[in-house]
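See below for the structure under consideration.
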Amino acid sequence: MKYCLFLWLFLLVGMVRVQAAAGDVIRVSTAATDLIFRVGTDGRLYQAYWGERLLNDSDLGCFSGKSAKGWEVYLGSGMEDYFEPALGIAHQDGNMATLLKYVSVEKHEIDANVTETVVALRDEVYPVEVKLHYMAFHRENIIKAWSEIRHREKKPVRMFRFASSMLYLEAPRYFLTEFSSDWAKEVRMSSQELQFGKKILDTKLGSRAAMHVQPFFQLGIGQEVSENHGKVLVGTIGWTGNFRFTFEVDNLGNLRVISGINPYASDYELQPGEWFKTPEFIFTLSDEGTGKASRDFHDWARRYQVKDGLGERLTLLNNWENTGFDFNEEKLLALMQEARHLGVDMFLLDDGWFGNKYPRKDDRAGLGDWDATAAKLPRGVGALVKGAEKAGVKFGIWIEPEMVNPKSELFEKHPEWVIHLPNRELYYFRNQLVLDLSNPKVQDFVYGIVDGLMTENPEIAFFKWDCNSPITNIYSPYLKEKQSQLYVDHVRGIYRVLERLKAKYPHLPMMLCSGGGARCDYEALKYFTEFWPSDNTDPLERIFIQWGFSQLFPSQVLCAHVTGWGRQPLKFRVDVAMMCKLGFDIGIAGMSEEEQLFCREAVSHFKRLSPVILQGDFYRLVSPYETNHASVMHVAKDRGKAVVYAYDMHPRFGEKLFPVKLQGLDPQKKYKVEEINLLPGKKSRLRENGAVFSGDYLMKVGLDLLTTAHTSSRIIELTVQ
Ligand code: DGJ
């Protein structure tokens with residue numbers, strides 16, 4: 001016991017390495033959570049505790065005597081545990097068993113808020129070593145876990161399992177919420193109770209990887225997931241490719257959660273001495289439901305993960321929903337004037353501006369040939385950049401650099417750069433194929449697309465980076481006999497490109513897009529300032545989509561554009577888009593004077609309030625999954641300002657309405673209630689408009705924000721008096 005306390009104090013000091021001893025206790029903690037490991041008498045490392053942070057350091061000693069429960073922190077395979085392992089290696093002699101024992105632990109104080117714990121394990125029979133990394137973000141209550149694997153066998157070994165992390169839970173019941181989807185119906189939330197056996201959330205799509213299920217989940221521990229109560233694990237994997245979460249309830253009713261790259265068709269040949277680094281599994285354990293977990297994720301993401309996470313964002317006018325492929329220079333210059341008139345920061349040119357031998361007049365040709373189509377844009381991108389400058393807006397441009405149409409000069413010149421089977425007929429997803437990013441020459445090419453555009457037009461202020469196809473025809477001409485590494489090496493190739501681009505253009509904002517929201521993981525967001533959640537911009541659908549993504553991502557990274565989808569009232573469309581990063585993708589010229597004025601005023605409200613909307617604390621108040629309405633709010637960090645949104649979707653005739661109770665305000669302060677975003681000439685019908693209430697009243701009694709009118713909405717600004 002004494003030894004353990006001494007060890008713990010020692011670890012607190014930081015930057016120390018401690019060698020193994022049976023009974024050692026390793027503590028990974030945030031302000032709210034403790035994850036505690038213990039070395040068993042058999043020398044293996046076990047998870048001893050994971051839950052609310054323990055108050056007394058002296059209690060840590062209690063774990064050293066606790067008997068092992070079979071909860072090995074990074075379970076190898078082929079030994080006496082019959083459930084899903086974290087690590088599987090076919091050794092050079094064909095033996096499939098791996099058993100890891102604890103070696104040492106190191107602690108690094110990255111700064112006052114972040115501590116990294118690195119636990120070393122090794123197999124005593126085969127020269128295999130593993131380092132388990134746990135980076136704890138104290139204030140935000142977030143932990144990132146990943147592993148590194150290396151061996152020194154004489155020849156390469158084949159890894160068939162290589163999880164990022166493995167965690168155990170013990171509760172009477174477990175309820176999993178998944179975010180499964182397809183194009184235009186992203187992040188549909190559904191929950192189920194886990195029973196004996198496995199539930200797997202995974203993808204095999206390769207590039208447009210999250211088209212059917214997102215790389216994140218919520219897990220209610222002991223009870224169903226709820227917004228403000230109960231213990232919940234929220235987790236996500238930072239991997240822009242095939243991922244897999246395995247939830248396995250064992251014979252004793254314990255649950256193991258294994259996260260990582262999907263090992264499907266991905267056996268990895270690891271060379272002697274080579275480190276294999278897994279992606280990061282990022283998670284939080286909340287005792288106050290998903291609302292708290294979301295706010296912790298948002299704070300952490302803005303501060304530590306997202307590119308320029310604390311920076312400002314550009315409002316914009318996009319042309320995709322307005323013109324599709326049908327535009328020319330004149331039309332675009334006119335749209336830039338519209339952008340100016342609207343008051344947004346930027347005009348964003350979408351798909352269809354490139355290709356000459358095979359012009360991109362629809363999605364059947366031109367991908368890969370990144371020169372402006374002379375027939376459409378005779379003076380090239382340069383003239384557009386100048387046009388934007390003249391109009392007083394910035395200029396952004398769409399690319400889909402990882403893809404190629406077979407009808408392109410690129411495919412004619414470099415078929416060997418394209419993932420496709422040499423001995424079968426080609427099949428296509430959106431008439432295109434995926435470039436082989438495992439090939440360094442292809443990486444250079446993709447890097448060169450952005451770099452080339454930027455070199456010629458340094459004024460380009462923004463990129464929208466699209467990815468419309470999963471990997472099809474799965475064969476890499478570059479990897480030859482190592483085909484099972486394609487899924488992993490392809491994603492690593494993308495990161496290499498993105499890393500180079502970030503190094504050269506550290507402040508260039510970029511939107512991640514994947515035929516809507518099929519790519520939105522936290523590793524990609526190191527390189528992107530925002531992402532496109534869905535092509536579905538019908539506000540009735542968007543409420544659900546934004547609600548779903550808000551579980552993990554701050555409003556600042558969720559692009560929301562006003563379009564014609566759904567033909568809902570303009571105010572409803574704008575009010576829904578204003579919940580996230582506002583943009584427009586609609587012809588302004590076709591609007592009435594009044595509508596234009598309304599949009600201009602909305603842009604100016606959004607800009608004025610964007611520190612609250614994009615950087616504040618987010619509260620989900622009324623769920624569209626449980627009612628015919630929805631309501632959310634953002635509260636400034638100093639609680640001096642808040643913006644509340646209320647949406648009536650499809651209320652029933654004469655349905656019972658209820659006041660919306662606000663959250664996150666200072667109960668002692670007085671707030672003035674003002675409805676904003678009113679249509680020109682319209683007065684607020686909100687009974688409480690203009691009145692002043694205490695934060696306490698607003699949170700306990702609430703405001704009558706809901707009505708029985710279909711697709712109606714209101715936005716309320718609260719200001720401390
Ligand atoms: C899919 C994206 O989600 C859309 O916004 C648009 O950019 C199209 N691709 C262009 O092809």
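None of the figures in this text is laboratory data; all of them are computed from the coordinates on show. Predicted model only: the values in this text are computed from it and were never measured. As a convention, Cβ positions derive from the backbone with ideal geometry for all residues, glycine included, and neighbour counts pool all protein chains shown.
Tell me, what is the percent relative contact order of the chain, built from C-alpha pairs under 8 Å that lie six or more residues apart?
So the answer I get is 9 percent.
Pairs to check: Lys185/Lys292; Lys357/Lys407; Lys204/Lys526. Give those whose C-alpha atoms are more than 19 Å from each other in this structure.
Beyond 19 Å: Lys185/Lys292; Lys204/Lys526.
Using 0.36 nm per residue of separation minus the Cα-Cα distance, give me the extension gain between Ser592 and Ser180 in nm, one decimal.
Between Ser592 and Ser180, full extension yields an extra 144.4 nm.
Could you tell me which of rounded, prolate or oblate describes segment 217-314, using a ≥ b ≥ c as the square roots of the eigenvalues of the alpha-carbon gyration tensor, with rounded for a/c under 1.5 and, failing that, prolate when a/b is larger than b/c and oblate otherwise?
oblate
If we count every other residue with Cβ under 14 angstrom of Thr537's Cβ, Lys/Arg +1 and Asp/Glu -1, where does the sum land?
Cβ neighbours under 14 Å give a net charge of -3.
Among Phe83, Ala301, Ala31, whose Cα sits farthest toward the positive end of the charge dipole of the chain (+1 at Cβ of Lys/Arg, -1 at Cβ of Asp/Glu, about the Cα centre)?
My answer, from the dipole projection, is Ala31.
Quick one: work out the % antiparallel among DSSP beta bridges in the chain, nearest 5.
Antiparallel bridges: around 85 percent, rounded to the nearest 5.
Under unit Cβ charges (Lys, Arg +1; Asp, Glu -1), what dipole magnitude, rounded to 20 debye, does the chain have relative to its Cα centre?
720
Counting other Cβ atoms within 10 Å, which chymotrypsin sites (Phe, Trp or Tyr not before Pro) in segment 656-721 have at most 10 and lie in a DSSP loop?
In loop regions of segment 656-721 (DSSP not H, G, I, E or B), there are no sparsely surrounded chymotrypsin sites (Phe, Trp or Tyr not before Pro).
Is any helix in the chain, taking whole DSSP H runs, at least 30 angstrom long along its axis by alpha carbon and on average at least -1.0 on the Kyte-Doolittle scale, and which ones?
For the chain, where a helix must reach 30 Å along its axis and average at least -1.0, the hits are 593-615.
Once you sort the root eigenvalues of the Cα gyration tensor of segment 666-710 as a ≥ b ≥ c, which label holds: rounded (a/c under 1.5), prolate (a/b larger than b/c) or oblate (the other case)?
It is oblate, given that a/c is not under 1.5 and a/b is not larger than b/c.
For the pairs Lys131/Lys155; Lys607/Lys641; Lys307/Lys441, note any where the Cα-Cα span goes beyond 18 Å.
Distance filter (> 18 Å) returns Lys131/Lys155; Lys307/Lys441.
Output the Cα-based Rg and Dmax of the chain in Å, rounding Rg to one decimal and Dmax to a whole number.
26.7, 81
Only four residue types carry charge here, +1 at the Cβ of Lys and Arg and -1 at the Cβ of Asp and Glu. Report the dipole size of segment 317-398 about the Cα centre in Debye, rounded to the nearest 20.
So the magnitude is around 280 debye.
Specify whether the C-alpha gyration tensor of segment 109-239 places it in the rounded, prolate or oblate class, a ≥ b ≥ c being the square roots of the eigenvalues: rounded for a/c under 1.5, otherwise prolate if a/b is larger than b/c and oblate if not.
Judged from the Cα gyration tensor, segment 109-239 comes out prolate (a/c at least 1.5, a/b above b/c).
Roughly speaking, what is the stretch gain from Ser604 to Asp250, that is 0.36 nm per residue apart minus the C-alpha to C-alpha distance, in nm to one decimal?
Full extension from Ser604 to Asp250 adds 121.9 nm.
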